Amino acid sequence: MTRTLILMRHAKSSWNKAGPDHDRPLNDRGRRSAAALGEWLHRKHYLPDEALVSSAARTMETWQRLDLDTVLRVEPQLYHADAELMLRVLRKADGKTVLVLGHNPGIADFAHLLLARPPEHPRFDAFPTCATLVCRLPATWSDAAFGCAEPLDFTVPRDLGVE
């Protein structure tokens with residue numbers, strides 16, 4: 001029984017407002033990027049049944065702009081989580097296709113550790129804002145382990161014409 005995982009870093013956030021890091025919103029480019037990634041997910045039929053999203057303002061706003069009709073689970077522990085914690089959260093997922101929306105460096109580390117081999121994309125190592133990896137796992141979520149996933153697709157906003 002295979003599973004499909006979509007790993008996404010939040011879109012570009014604003015540094016213009018004073019306040020806690022957790023509360024930073026997206027900037028204009030980030031809003032355009034998130035909408036473009038939502039269109040890409042729809043066009044490619046990468047539609048999750050469940051989304052596990054950090055509670056930070058920028059991840060929640062990214063989620064809203066993806067315009068996906070799916071079960072949302074806000075996961076406060078995904079805020080600046082490392083790869084090990086992300087794996088533990090993923091192992092509790094229920095959907096057949098799951099989106100995890102988080103932050104760097106954790107989301108990039110998670111993507112690198114989860115894959116048996118990286119996708120052939122020049123921006124994969126950097127995993128910039130709104131980078132999105134789609135991969136397939138050969139087992140149930142509870143059996144997910146580092147090195148078990150195969151990449152299906154990877155994109156960044158620049159690939160979609162967002163500058």
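Coordinate-derived values only; no laboratory data. Please read all numbers here as calculations on a predicted model, not as lab measurements. Reconstructed Cβ throughout: ideal geometry from the backbone, glycine too, with neighbour counts over all protein chains shown.
If R0 is 22 Å, the Cβ-Cβ spacing of Asn104 and Glu163 corresponds to a FRET efficiency of close to 0.65. Shown in residue order for the stretch 156-163 are the 3J(HN,Hα) couplings computed by the Karplus curve 6.51 cos²θ - 1.76 cosθ + 1.60 at θ = phi - 60°: 10, x, 4, 4, 9, x, 8, 10 Hz (x for Gly and Pro). Straight Cα distances below 15 angstrom link Lys17 to the aspartates and glutamates Asp28, with same-chain residues fewer than 8 positions distant left out.
For the stretch 2-153, the Cα gyration tensor yields ellipsoid semi-axes of 23, 16, 15 Å (square root of five times each eigenvalue, largest first, whole Å). For the stretch 80-146, the list of trypsin sites (Lys or Arg not before Pro) that fall in a loop by DSSP and count at most 12 other C-beta atoms within 10 angstrom reads Lys92.
What does the extension gain come out to for Val74 and Asn16, with contour length at 0.36 nm per residue minus their alpha carbon separation?
Additional length available on full extension: 18.4 nm.
Springs join every pair of Cα atoms under 10 Å in this Gaussian network model of the chain, and among Ala34, Ala116, Ala81 the largest mean-square fluctuation is at Ala116.
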